[in-house]
1. With +1 on the Cβ of every Lys and Arg and -1 on the Cβ of every Asp and Glu, and nothing else charged, how large is the dipole of the chain about its Cα centre, in debye rounded to the nearest 20?
2. Give me the aspartates and glutamates in straight-line cross-link reach of LYS337: C-alpha distance below 20 Å, same-chain residues under 8 apart excluded.
3. Considering only DSSP beta bridges with both partners in the chain, what is the antiparallel share in %, to the nearest 5?
4. I'd like the orientation of helix 65-79 relative to the chain: the angle between its Cα long axis and the longest Cα principal axis, in ° from 0 to 90, rounded to 10.
5. Considering the options ASN143, ALA171, PHE190, tell which one lies farthest towards the positive end of the dipole of region 138-196, charges being +1 on Lys and Arg and -1 on Asp and Glu at the Cβ, about the Cα centre.
6. Mind sorting MET221, MET1 by how few other Cβ atoms lie within 10 Å of their own Cβ, fewest first?
7. When the Cα centres of region 148-170 and region 307-346 are compared, how far apart do they sit, in Å?
8. Between ILE58, ILE251, ILE114, find the one with the highest GNM mean-square fluctuation for the chain; connect C-alpha pairs within less than 10 Å.
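Only the coordinates and a few stated rules stand behind these numbers; no lab work does. On a predicted model such as this, the values are computed, not experimentally measured, just so you know. Here the Cβ positions follow ideal geometry from the backbone for every residue, glycine too, while neighbour counts run over all protein chains shown.
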Amino acid sequence: MKIAVTGLNNVDNPGPGVPVIRGIKDAGIENLKIIGLLYDALEPGAYMPDVADANYMIPYPSGGLDILLERIKSINEKENIDVLIPTLDAELYAFSKLAPELEQIGIKTFLPNIEQLNIRAKDKLFKFCEENNIAAPENILANTYHDLYKISSEFNYPVVVKGIFYDAYIANNFDEAAAAFKKLSDKWGFPIIVQRFIKGDEYNVTALGDGSGNAVGAVPMKKLYITEKGKGWAGVTIDEREIIDISKKVIGKLEWKGGAEFEFIKEAETNKFYLLEINPRFPAWVYLAVGAGQNLPYANVLLALGRKIEPFKNYEIGKIFIRYSWDLITDIKQFEKLTVKGEISHE
């Protein structure tokens with residue numbers, strides 16, 4: 001079995017690739033080979049010998065789907081990939097479009113379609129939630145600097161200013177909102193989402209949809225430690241039925257296919273849950289779900305292969321993940337292989 005995974009950028013804003021691979025390896029698949037697909041030669045997962053057996057550089061999807069497909073074809077000629085799991089938001093559109101062509105060369109995927117990706121996008125989410133009676137913070141879509149002047153008439157400061165794919169800043173006044181708008185638009189393009197700020201605790205659910213409206217599994221956690229970038233650096237599985245039910249409702253409405261992460265905030269004043277975001281892939285903390293008894297990455301592989309699987313019924317409450325840094329020492333020759341040849345192997 002040969003499984004290719006992207007998102008091995010295990011840094012301060014980690015990608016989900018390494019924990020997805022750990023989950024798949026924990027399943028004990030015989031004769032398993034993991035292939036890392038990298039966008040940057042310094043993605044740490046490429047140098048960790050117990051993660052991917054072989055690693056290959058691939059071009060960014062923004063460079064063109066034809067170029068990306070040709071590179072994957074050349075890798076596939078050498079590796080004969082069975083399943084490919086993209087794990088980054090910005091690449092999901094590209095791989096969803098390429099899924100039929102990947103299928104033709106024997107590479108299975110299990111991904112949401114373009115319509116599903118569009119409906120849950122940050123600029124469309126509030127409308128979806130409004131139509132389906134799901135609480136979500138109101139927002140303004142800003143495509144120009146002048147759109148920011150609407151903030152004072154719609155909300156009280158502070159507000160949350162979000163990029164269309166990644167990153168978010170809390171702005172306490174107009175100047176801070178304008179600075180965030182500039183940073184995010186330069187990096188991710190438009191629109192920029194300006195969202196009502198809700199004070200409270202953050203909760204997340206990682207889940208897997210079977211493409212027919214059913215949730216194969218869902219595990220909630222509460223963030224215990226949050227970095228300056230807003231990333232959960234520690235969290236604990238909790239017994240919180242309400243956010244599981246909301247997540248399953250969304251999966252049912254969208255007939256979601258593949259992994260997802262649902263981000264919630266519990267308003268301090270009202271104890272009401274608001275759905276902040278739906279990320280169209282497994283989160284970087286997905287290994288907590290594996291540790292709690294739901295191996296969602298492995299279940300994703302089985303679904304990609306066309307297997308029918310029974311939904312997970314339970315998970316362990318009180319399981320904690322704590323992320324940490326580890327200095328990995330390697331040789332400059334490994335880096336040279338990636339930058340010059342575009343591949344390294346740990347076999």
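1. Rounded to the nearest 20 debye, it is 340 debye.
2. ASP40, GLU43, ASP50, ASP53, GLU77, GLU79, GLU347
3. Antiparallel: roughly 80 percent of the beta bridges in the chain.
4. The angle comes out near 40 degrees.
5. Toward the positive end, the furthest listed residue is PHE190.
6. MET1, MET221
7. So the two Cα centres are separated by 34 Å.
8. Sorting by GNM fluctuation, first place goes to ILE114.
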